[in-house]
Structure formats: C-alpha cells, structure tokens
Amino acid sequence: MRTASHYLAWITLALLTGSELLIVRWARLASDRAPLEPLALLATGAALLALNFALLGLMRRRAQRGSLGWLASRLVLLSSLGALFSGPLLLVGFALPLWAMGAEPTGAEPLRAGLVASGGVALGLGFGSILWGYVVGQRRVRVDRVDLPMHRLPEALSGLRVAHITDLHIGQQLRAAQLAGFVERVNALDADLVAITGDLFDFDPAFIDEGCAELARLRARYGVFAILGNHDVYTGADAVAAGLARHGGVRLLRDTYERLEIRGETLYVLGIDDPGRGWHGRRLESPALERLAGELPKDAARLLLMHRPGYFEQVARLGLPAALAGHTHGGQVSLPRPAHQHNISRLMTRWTRGRFVLDDSVLYVSRGLGMAGPPIRLNCPREIALLRLTPRS
C-alpha cells in the first residue's frame, strides 16, 4: 500500500531533479556553452533522477552505520537541499532579465550576462541559506516564555511554571556534551514541572544509556515527566523505558497519569504513547486518551502530554483543558514572523508551532531541541518553552 511518505519522496525527487537541471542550464550559460538539445536534456534528467534515487537509498542505509556514513549522508543531504532551494530562485532569476529586457530588444550577449548574474545571485541565496541554517541557525537555542490559559484552573495553580522540551533526538546529531548544556539551561529556569513530549532518541539504541544519564539530571519542584514519540518506538520503546527507569529522575507516562498535590489543589498529568507509524497524521484518535479522560474528574485541572499535535481535536472534544506536543520541529525551515506557521510541517498538521486554542482546550507545540533529517534551522531556533499556567476567562 502506497503511503503519503512514499508519494512525498517521489515528488521531492522530481523537484530536486528539476532544480538540478536548472543549475546545469545556468552552468552552461556561465561557461558560454549552448543549451542541451531535447534528447540530451531528457537523458541528463533521467541520469540525475537515477543518481538522486540511489543516493537517497544510500543515505538511509549508511546514516546509522558509524560516524563516517553519517557524515557522508549529512553532506549529501545538505547539498541536495541547497539545490532544492536554489531551483525556484533560479526560475525567478531567469525570468527577471527576460522580463526586464523584453520591452526593448537587446543582443544575445547582454541577455546572457543578465541571466548569468541573476542566476548566480539565486544560487548564492539558495546554497547560502542552507549553509547559514547549518552553521548558525541550528546552533541557536531560545527560551520562549508563554502564558498557557487553562479552563477551570484553580487559583492555587495559577502561575505554575512548566518547562516544556521535546524532540531531542539524542544520537549522532545530539551527543551527551551538548545535551548536558540543554539540561543546565532547563534547570536554571527553576520550573515547577518539566515535561518532555517524546522523541527522546533517534533510531540508535546505543545512545540510550548516555542520554538517560543526562536526562536524569533534570530537576523540577514537582517532578520531571516524559512520554515516548515515534522515534522512540523506532529506537525501541521498551529499551528507552528501561533506560529511563534504570537512571531514574524521569517519570515516564505510557497511557497513564499521575495525580499531583500542589498548594492544596490537584493537578493530573496525563501521557499517551505514540503509535510509531509514519510521521504525518491529521485528526488522530487515541483509545488510550479516551479511556484516561473518562477516568478523571471533568472539572479537574488536567495537563496532557502527547507527541503529535494531530490529537488536538480529540483533546478538545474530550474537554481536556491543556495539552503539550512536539513532533513538528516547527518545520525547522519556515518563513519569518508573522508567517512562521508556513513551514514544511504543514504537511503533517495545521498546528505547527506555538499556542493554539480550540473550544475550551489550549495546545502548545514546541519547535523542539533536536533535529531529525537535515541539520539545519531557518527562522526556527531550537526551543525551551517556559509555560506559565493562567486561568482562562
């Protein structure tokens, strides 16, 4: 059965190949060579498509096999993204000189010079954006302080602070030394609760011990809570759970809840497992969430930890006042504010990053602290969210 991921991969390969053909066209212009004949152009496109397909398969096989294979796969991925970004810019770069010179007939040489210059700018922007996202963008970490208005929140719980982190993807792209720095920044916030909404690890169980040892250093006044994401399922859900239990410090919620007594009031913290199938999902339904909601008092303060934002409609239907999620990474690449919701994660869900309200429920989706796939971030820094619970009028 064909999945959305399968079709998306083929669409991406086609767009990448088209972008590479535009780059070939620019290179021939820059070297003052004639355009490719139709048959030669078709053969070149077929060869590029076959090469991209082979490299994609090679990346999947080699990415998890030692540091050399991982490094090679990252380099291929970054160069492919540079080409993919440059393709649409080249189209604009080629169109501008043709439009500008179309009103007044000019010789072939001025037109060629204009196409070469504008195409060069387009390539510089495309590959330069990817380079900036890798060298600078993905190293930025921001603490976002956000109010989370909860329906029927007891006055005693107003002002409770929750440090929300997610999508660490501990592994080749996030090792213990960098993770230790993140843990120190979270602890420095002196939060009442710490919530981790899944994807602690990224495929390789070899990193479970070093990752869990660092996570055990997280501190919060009323506890550190976590759930599992789809990448934890790929890593081995039971192995991750065993690692957390072995090192202590983090309370893992797997389709269950904990009742906390805080300042004389009750707060229920719920957590559901991720199914681990695929990466997309809209209008998801969780039988475990239905069960948990039925077990708890309807007027109680309840904070749900879930990995995918796609459960939000079910959350609102069940009357749960607040939920925290991750999974999207905020797209990792997005348009600047205020258009930051327009990013690649819109393929997964319309709740891509930040705070959302639906009926009597509020959702916060974090941009995450780690990365999966391309090691770049544009207009989307890593995030530690410090959420302050407030009564909703």
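Structure notes:
- Of the three principal axes defined by the Cα atoms of the range 183-263, the extents in descending order read 40, 28, 19 Å.
- In this structure ARG317 has an accessible area near 130 Å², from a 1.4 Å probe over the protein heavy atoms.
- Note on the chain: dipole from Cβ charges, positive end direction compared against LEU111, HIS307, PRO375; the farthest Cα belongs to LEU111.
- Per-residue Karplus couplings for the range 287-295, computed as 6.51 cos²θ - 1.76 cosθ + 1.60 with θ equal to phi - 60°, are listed in order as x, 5, 5, 4, 5, 4, 4, x, 7 Hz, Gly and Pro entered as x.
- Residues in the range 119-152 reached by a label modelled at SER393 [backbone nitrogen below 20 Å; 7 Å Cα→Cβ]: 146-152
- Carbon-plus-sulfur accessible fraction, the range 87-219 (probe radius 1.4 Å, protein heavy atoms only): 63%.
- From most to least packed by mean Cβ count within 10 Å, the peptides 358-364, 39-45 give 358-364, 39-45.
- Percent of alpha-carbon pairs separated by more than 20 Å within the range 116-209: 58
- Per residue, the convex hull around the alpha carbon atoms of the range 140-179 comes to 106 Å³.
- Our helix-only sum for the chain, with -39,500 (n - 2.57) per DSSP H run of n ≥ 4 divided by its residues, gives a mean residue ellipticity at 222 nm of -14500 deg cm²/dmol.
- Probe 1.4 Å - accessible area at ARG33, Å² to nearest ten: 140
- Counting only DSSP beta bridges whose two residues both lie in the chain, roughly 35 percent are antiparallel.
- Between LEU358 and GLU109, the contour length at 0.36 nm per residue exceeds the alpha carbon distance by 83.7 nm.
- Surface share of carbon and sulfur [accessible, 1.4 angstrom probe, percent] for the range 257-393: 51
- What the Cβ-Cβ distance of VAL121 and ALA54 gives, at R0 = 22 Å and to the nearest 0.05, is a FRET efficiency of 0.10.
- Highest-first packing order for the peptide set 131-139, 373-381 is 373-381, 131-139, based on the mean count of other beta carbon atoms within 10 Å.
- For the chain, projected area of the alpha-carbon convex hull averaged over all directions, nm²: 22.4
- FRET efficiency for the ARG246 to ARG185 pair, using the beta carbon distance and R₀ = 22 Å, is estimated at 0.35.
- Amide H to amide H distances under 5 Å link VAL143 with ILE384, where only residues 5 or more positions off or on other chains count and H is placed in the peptide plane.
- When peptides 108-118, 302-312, 86-96 are sorted by average Cβ neighbour count within 10 Å, with the highest value leading, the order is 302-312, 86-96, 108-118.
- Contour minus Cα-Cα distance for LEU15 and VAL136 (0.36 nm per residue): 40.9 nm
- Solvent-accessible surface of the chain, taken per residue with a 1.4 Å probe and all protein chains present: 45 Å².
The values are calculated or read from the model by the stated rules, or taken from the named source; none is laboratory data. This one's a predicted model, so the numbers in the text were calculated from it and none came from an experiment. Cβ coordinates were reconstructed from backbone atoms using ideal geometry, including for glycine residues, and neighbour counts include every protein chain displayed. In case anyone asks, the SASA skips ligands and DNA or RNA and just uses the protein heavy atoms, side chains included. Shrake-Rupley method; radii C 1.70, N 1.55, O 1.52, S 1.80 Å.
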